[in-house]
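Undergrad: Let me begin by handing over the structure; questions about it come next.
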Amino acid sequence: MPCERKPMRYGHSEGLTDVCFDDEGKSLVTCGSDGDVRIWESLDDDDPKSINVGEKAFSVALKNGKLITAVSNNTVQIHTFPEGDPDGILTRFTTNANHVTFSTSGSKVAVGSSDFLVKIVEVMDSSRQTTLRGHEAPVLSVAFDPSDEFLASSSCDGSVAVWSVESQTQVALWKVLQKSSDVSTAKSLCRLAWQPRSGRLLAIPVDATVQLYDRNTWTHVSTLSDDLSTQVANVVVWSPCGKFLAAGTVGGNLLIWDVEAKLCVERQKHEKGFTVCGMAWHPSGGRIAYTDTEGCLGLLDGVSSASAPTSSSSTKATAAKEKKDYDDLFDDDDDRMMDEGMSDSRSPMKKALVEDDDDDDLMPATGRARNRASFLDDDNSLDAASVKLDKLPDEDGNSAILPPVVPAVSRPVYEGPMPTPPQRAFQPGSTPVHLMHRFMMWNSIGIVRGYNDDQDNAIDVEFHDTAIHHAMHLTNTLGHTMVDLSQEAVLLACEGTDELASKIQCLHYSCWDTHKEWMVDLPKGEDVRALCLGQGWAAVATSTLMVRLFSIGGVQREMFSLPGAVVCMAGHGEQLLIVYHRGTGFDGDQSLGIQLIQLGRKRKQVIQGDALPLSRKSYLAWTGFTAEGTPCCIDSEGVVRILNRTLGNNWTPVCNTRESCKSKSDNYWVVGVHENPQQLRCIPCKGSRYPPTLPRPAVAVLPFKLPYCQTTTEKGQMEEQYWRSVLFHNHFDFLSSNGYEIDSEGQSRAQKEQQELLMKMFALSCKLEREFRCVELAELMTHNVVTLAIRYASRSRRMALAQKLNELALEKANQLYEEEEQEEEEPAYQSVAQNSRDSLPQNENFVIYSLSCHFNLCDFKKKIFRKSWFNHVRRESRGSSLNPFKKGAKSPERPSPKPVNREVRANPFKVSSAGKSSGSPAGQSRTTNVLDSMTMSSRKPAALSGTSKQSKAPVLKPLAPKAKSKTQATLLQMSATKVSSKKQQIQSGTESVKQAPAATPPVSAENTENRKPKTGFQLWLDENRKSILGDNPDFEEMDVIKEGMGRFRTLTAEERLEWSEKAKSESDPKKRKREHGGEEDEEMESDESGGKKKKPSNSSAKLSAFAFNKE
């Protein structure tokens, strides 16, 4: 079937187009995205008649002098033909109508729209309408069968349906297409076509093939394909005789099949490789008109011979296939080489084929390789017959026509996953560039609108808070297409042209000088693709895979390369977020990577090239930061994801805007995200993806909801609320770690809310008798809430659960104790603590530590004693400790310490007279002991005296008191028990020393009254003390206690419980009161564990009895 491909000519602006012939074939009618319908007398008509029907025209149909068009204002209009006079509105939809077609009789019109509806309307009486419902996505195309009995429709939901026009029911449904969310993202327009006259076959373009279905059985009977073309079929059309079928593909291929022989008899290639989106066969069968997504019109002429071939021609083709000459051997290879250069796109939108323009005129009409002799240049392959076929192109650009050759051996066809076209770069918070009135930016700072029409080309900047700056009106003389807005500046950028370079313009309105504007030209050939603003900096990503950083005043800073083409950028404070293509996606999925960079003083890369998760077969719709500074992204399926910093910088889905849409064609356009309060601020778009600029759209607030399982149950609801609260309050830790002020009250409220939810889930699990689950929930609680859980379990008579929770509470207490010991101290605290423990005698550390705990010293002083005591234990283990209180410390000689007898100890408080300093008066008491300078009057910082009164101790910040763990309480009680026996020795030892001042009260009797009842561990230690000393005869008292605690922990929970019950039975339940001189008794304080503490009125006076006294 030799035919001639006429040169393409301009018809409409860029976008979807459609074409049809009139009933007699005298005129050609086209429509396009410019909203015009043009009537062409021929392809060479330089002055076609133009009819403006609206802003955009998506489809056109002509019959019986009625011109029907689907217009972007959601209407289907009627015009007279050829006059072009308006004849009313046929029907309306809530969104765009995508395709229109006439019935065979011309009395009815079928329309498919993006609101999932198919309507059948009477042309003469538009009030008589039939609505077919059943599709779950926008309708792509509709087609009447020749008898007007059935109507076929294809949809973005992946289905092709056949309806009975009379009964309005669905008679057949095939799920053969790839699903998509909109016509613009559909893999194919899927224009259906019934076989003329008989209507026996329905042609459906499916991927790179055309499937034929029988009208009588509604079954698949045949598939038409071409081994040399793997591009997706977009539109099909039958010849008037019904023997041939033509198809236009996404990559620009034009194929014609002999349906009976199932052979591809003609292949043509679009001269630019653009997507063919409209086709029409002339009523006479001699020509095929086609249009592309670039708005051009083309014609295949000389197809009249298509009606002539019969079965005999098929026989001749088969015989020619068996002929083994050199020309036939290389025919298929030449075709395959041609097909290797074809573009393969997954979208019906245009995908230009990048090739040399000079080669276009040399492309033969059949699409075969031009220079066949290049394969026959050796002497053995030279053949006169084959050389004669290789004619040079004629002067008019047409080359010799070669007969089609069917390949003798079928070669394997690639059927694997197809690559996805990469997503183009965009600016988050902006609408598409091609709109005349558009939002160039909408964020938490303000709104930037762009106007580009015949009257004006300007940019309006409006601030939500006028205190930042007043509204601005800018003349867009440079043609800026990208904008970002912050509290400091407005950043604009435009792409370069052949004459002008790409420019960056910044209006720094927060600048304190008079020059508030600066501009930078990028190098030639480098265009801006994305930009963003931060706190004191600006960043732009360019077409050369570069990111350039600028200061807000215009100083060029660092620059670095990206591993892929940028998709978008966002900035917040000192954080820079970059999304780019990290590879090629397949089967509709995008392969995006993300980088998160900290641009503060401590510059670091938080995320380096990790994959950005998106929904299947979706693309990135918005990315940015929450108002609190957490990265967030939204894909085209409406899934909102937020960065979880506590889970290894992974992304957690927190909302799905599709669940709030009333219709599947509705969308939400996001303008901001807030974590506290939890709000997703967006604009509802009815039947579209982007909002109009006028009237100003209203902002809606959507709640967050994590996609947890069984959220309809009470358990699932509380789990979702708890983890959502945890996720959305992680920003407190991030802000505090970066030096930002945080809302302490809000943080405490969040923690309280989380603990309350845990306690509710604990109570619910108790009712359901899920005790193991109760323990799992208790592991998430704080130590104080675990105590409440123990009480709840005890009252519920679940003693086994209470015991498990008791063990968990002990573990949490130990963890708190270990964390407390591992905390780094402030420098001032460390210096004072070092001086304090250096000023303590090594042999009395444990005694002083016990006394400090017994007399309820402040936490800070306890910490000093505790550290000095642990240092004392380590020094004794090394056996190389010295007494820092030894008289004559100025002497360079350091006497070795005397061994201390464990059984009969010398009085550690005794000071020899030979060691007295000559500079001190005889009657002056020593002030070097740290105990004499401690008071309990208040928690305010107090200065601690050192070895001299003239040296000032640093001021210390008060530390918040922390609850003692059970391990500490046990240790202190054991220490207090030993203190009473020590005091007897101290009392007897001080008789040989000079008496202290009379104001010092005796303490030995007092301590015997203040002893606390023994615990279970103390009772166990009293019985097993001899065993421990027998195994370790060199142990000191503290070593015995530590070894005992280790052995006690190895006991089972039941054995430890028995010792605790035994200790309670032996203790006196009555409260003991203490009398001291004539003073009133002190009040008793109760902590959460039920223990009682006494507050002495003056601990310094009591501890002074244990200080060193002069002889």
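The values are calculated or read from the model by the stated rules, or taken from the named source; none is laboratory data. From a predicted model like this one, the values you see are computed outputs, not experimental measurements. Cβ placement follows ideal geometry from the backbone for every residue including glycine, while neighbour counts extend to all protein chains displayed. For accessibility, only protein heavy atoms count, side chains too; no ligands or nucleic acids. Shrake-Rupley method; radii C 1.70, N 1.55, O 1.52, S 1.80 Å.
Let's see how each residue does on (1) in contact with a Pro (Cβ under 9 Å, 6 or more places away or on another chain); (2) surrounded by fewer than 23 Cβ atoms within 10 Å (Cβ to Cβ); (3) not assigned by the TED database to the domain that holds Lys63:
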residue	(1), (2), (3)
Glu260	no, yes, no
Cys264	yes, yes, no
Lys272	no, yes, no
Ser284	yes, yes, no
Leu297	no, no, no
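Undergrad: Restricting attention to the stretch 589-632, report how many residues are open to solvent by 50 Å² or more (accessible area, probe 1.4 Å), closer than 28 Å to Asn676 by Cβ and polar (S, T, N, Q).
TA: Result for the stretch 589-632: 1.
Undergrad: If you go through the stretch 528-547 one residue at a time, how many are open to solvent by 30 Å² or more (accessible area, probe 1.4 Å) and either not hydrophobic (A, V, I, L, M, F, W, C) or not assigned by the TED database to the domain that holds Leu596 (or both)?
TA: Residues that pass the stated criteria total 4.
Undergrad: Conditions first: (1) closer than 24 Å to Thr646 by Cβ; (2) under 14 Å from the mean Cα position of the chain (by Cα). Cys568 passes all but one, so which condition is the exception?
TA: Condition not satisfied by Cys568: (1).
Undergrad: Being in the same structural domain as Val250 (by the TED database), crowded, with 23+ Cβ neighbours inside 10 Å, touching a residue at least 40 places away in the same chain (Cβ under 8 Å) and under 30 Å from Glu637 (Cα atoms): is that true of Val139 here?
TA: yes
Undergrad: Mind checking which pairs have a first residue in the stretch 770-790 that is under 12 Å from Gln803 (Cβ atoms) and a second that is of a type in the set (Lys, Arg), Cβ under 7 Å, 6 or more apart or different chains?
TA: Between residues of the stretch 770-790 that are under 12 Å from Gln803 (Cβ atoms) and residues that are of a type in the set (Lys, Arg), the close pairs are Glu771/Arg798; Val775/Lys804.
Undergrad: Continuing with the same structure: Just need a number here: residues in the stretch 204-222 that are within 43 Å of the chain's Cα centre (by Cα) and either under 16 Å from Glu415 (Cα atoms) or open to solvent by less than 20 Å² (accessible area, probe 1.4 Å) (or both). Before you say what the answer is, go through the steps one by one.
TA: Our first condition is that a residue be within 43 Å of the chain's Cα centre (by Cα); within the stretch 204-222, this holds for 204-211.
Of the ones still in play, those that are also either under 16 Å from Glu415 (Cα atoms) or open to solvent by less than 20 Å² (accessible area, probe 1.4 Å) (or both) are 204-210.
Residues in the stretch 204-222 being within 43 Å of the chain's Cα centre (by Cα) and either under 16 Å from Glu415 (Cα atoms) or open to solvent by less than 20 Å² (accessible area, probe 1.4 Å) (or both): 7 in total.
Okay, residues lined up against (1) assigned to a strand (DSSP E or B); (2) open to solvent by 30 Å² or more (accessible area, probe 1.4 Å); (3) among the acidic types (Asp, Glu):
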residue: Leu643; (1), (2), (3): yes, no, no
residue: Thr646; (1), (2), (3): no, yes, no
residue: Tyr668; (1), (2), (3): yes, yes, no
residue: Val673; (1), (2), (3): yes, no, no
residue: Leu680; (1), (2), (3): yes, no, no
residue: Gly687; (1), (2), (3): no, no, no
residue: Thr693; (1), (2), (3): no, no, no
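Undergrad: Sticking with this structure for a sec: Which residues, counting only those in the stretch 429-470, are within 27 Å of the chain's Cα centre (by Cα) and within 30 Å of Gly35 (Cβ to Cβ)? Steps first, answer last, please.
TA: Of all residues in the stretch 429-470, those within 27 Å of the chain's Cα centre (by Cα) come to 429-433, 438-448, 464.
Selection gives Gly429, Ser430, Thr431, Pro432, Val433, Arg438, Phe439, Met440, Met441, Trp442, Ile447, Val448.
Undergrad: Listed residues Val76, Val118, Val100, Val111; which is part of a strand (DSSP E or B), open to solvent by less than 40 Å² (accessible area, probe 1.4 Å) and in contact with a Lys or Arg (Cβ under 6 Å, 6 or more places away or on another chain)?
TA: Working: Val76 fails: in contact with a Lys or Arg (Cβ under 6 Å, 6 or more places away or on another chain); Val118 fails: in contact with a Lys or Arg (Cβ under 6 Å, 6 or more places away or on another chain); Val100 fails: in contact with a Lys or Arg (Cβ under 6 Å, 6 or more places away or on another chain).
Going through Val76, Val118, Val100, Val111 in turn, the sole match is Val111.
Undergrad: Restricted to the stretch 422-460, and to residues that are among the aromatic types (Phe, Trp, Tyr) and either open to solvent by 30 Å² or more (accessible area, probe 1.4 Å) or touching a His at 6+ places or on another chain (Cβ under 6 Å) (or both), which residue is farthest from Pro697 (Cα to Cα)?
TA: We begin by selecting, within the stretch 422-460, every residue among the aromatic types (Phe, Trp, Tyr); these are 426, 439, 442, 451.
Now narrow it down to the ones that are either open to solvent by 30 Å² or more (accessible area, probe 1.4 Å) or touching a His at 6+ places or on another chain (Cβ under 6 Å) (or both): 426, 451.
Details: Phe426: 21, Tyr451: 17 Å.
Ranking the candidates gives Phe426 first.
Undergrad: Quick test for you: out of Asp527, Asp453, Asp484, Asp513, pick the one residue that is of a type outside the set (Val, Ile, Thr) and touching a residue at least 40 places away in the same chain (Cβ under 8 Å).
TA: On the way: Asp527 fails: touching a residue at least 40 places away in the same chain (Cβ under 8 Å); Asp453 fails: touching a residue at least 40 places away in the same chain (Cβ under 8 Å); Asp513 fails: touching a residue at least 40 places away in the same chain (Cβ under 8 Å).
After applying the criteria, what remains is Asp484.
Yes/no per residue for (1) open to solvent by 80 Å² or more (accessible area, probe 1.4 Å); (2) part of a helix (DSSP H, G or I); (3) touching a residue at least 60 places away in the same chain (Cβ under 8 Å); (4) closer than 11 Å to Asn676 by Cβ:
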site	(1), (2), (3), (4)
Ser725	no, yes, no, yes
Phe734	no, yes, yes, no
Gly739	no, no, no, no
Ile742	no, no, no, yes
Gln747	no, yes, no, yes
Gln754	no, yes, no, no
Leu758	no, yes, no, no
Met761	no, yes, no, no
Leu764	no, yes, no, no
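Undergrad: Residue pairs, Cβ under 6 Å, 6 or more apart or interchain, first in the stretch 1022-1044 and within 24 Å of Lys1062 (Cα to Cα), second open to solvent by 60 Å² or more (accessible area, probe 1.4 Å). List them.
TA: Within 6 Å, the pairs are Ile1028/Glu1043.
Undergrad: Just wondering, is there one or more residues in the stretch 155-163 that are open to solvent by 20 Å² or more (accessible area, probe 1.4 Å) and either touching a strand residue (DSSP E or B) at 6+ places or on another chain (Cβ under 7 Å) or not polar (S, T, N, Q) (or both)?
TA: Taking every residue of the stretch 155-163 in turn, none turns out to be open to solvent by 20 Å² or more (accessible area, probe 1.4 Å) and either touching a strand residue (DSSP E or B) at 6+ places or on another chain (Cβ under 7 Å) or not polar (S, T, N, Q) (or both).
Undergrad: Among the aliphatic types (A, V, I, L, M) and in contact with a Gly (Cβ under 7 Å, 6 or more places away or on another chain): which single residue out of Val53, Val29, Val76 fits that description?
TA: Exactly one of Val53, Val29, Val76 is among the aliphatic types (A, V, I, L, M) and in contact with a Gly (Cβ under 7 Å, 6 or more places away or on another chain), namely Val53.
Undergrad: Now, a different point. Give the residues of the stretch 166-180 that are surrounded by fewer than 19 Cβ atoms within 10 Å (Cβ to Cβ) and in contact (Cβ under 8 Å) with a residue 12 or more places away in the chain, sorted by residue number.
TA: Matches in the stretch 166-180: Glu166, Gln168, Gln170, Val171, Ala172, Leu173, Lys175, Val176, Gln178, Lys179.
Undergrad: Of the residues in the stretch 651-666, how many are without any contact (Cβ under 8 Å) to a residue 24 or more places away in the chain and crowded, with 18+ Cβ neighbours inside 10 Å?
TA: The number of residues fulfilling the criteria is 1.
Undergrad: Same structure, new question: Could you say whether any residue in the stretch 182-192 is free of Cβ contacts under 8 Å to residues at least 60 places away in the same chain, assigned by the TED database to the domain that holds Gly286 and either out of contact with any Phe, Trp or Tyr (no Cβ under 9 Å at 6 or more places or on another chain) or closer than 18 Å to Leu151 by Cβ (or both)? Can you show your working first?
TA: Step one: filter the stretch 182-192 for residues free of Cβ contacts under 8 Å to residues at least 60 places away in the same chain, giving 190, 192.
Still in the running and assigned by the TED database to the domain that holds Gly286: 190, 192.
Checking the rest, the ones that are also either out of contact with any Phe, Trp or Tyr (no Cβ under 9 Å at 6 or more places or on another chain) or closer than 18 Å to Leu151 by Cβ (or both) come to 190, 192.
Yes: one or more hits.
Undergrad: Okay, next question. Any idea which of Thr542, Thr514, Thr475, Thr497 is among the polar types (S, T, N, Q) and under 21 Å from Thr693 (Cβ atoms)?
TA: Criteria check complete, one pass: Thr475.
Residue-by-condition table, conditions (1) in contact (Cβ under 8 Å) with a residue 24 or more places away in the chain; (2) basic (Lys, Arg); (3) in contact with a helix residue (DSSP H, G or I) (Cβ under 6 Å, 6 or more places away or on another chain); (4) buried (at least 24 other Cβ atoms within 10 Å of the Cβ):
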position	(1), (2), (3), (4)
Thr17	yes, no, no, yes
Phe21	yes, no, no, no
Val29	yes, no, no, yes
Val37	yes, no, no, yes
Leu43	yes, no, no, no
Ser50	no, no, no, no
Glu55	no, no, no, no
Phe58	yes, no, no, yes
Ala61	yes, no, no, no
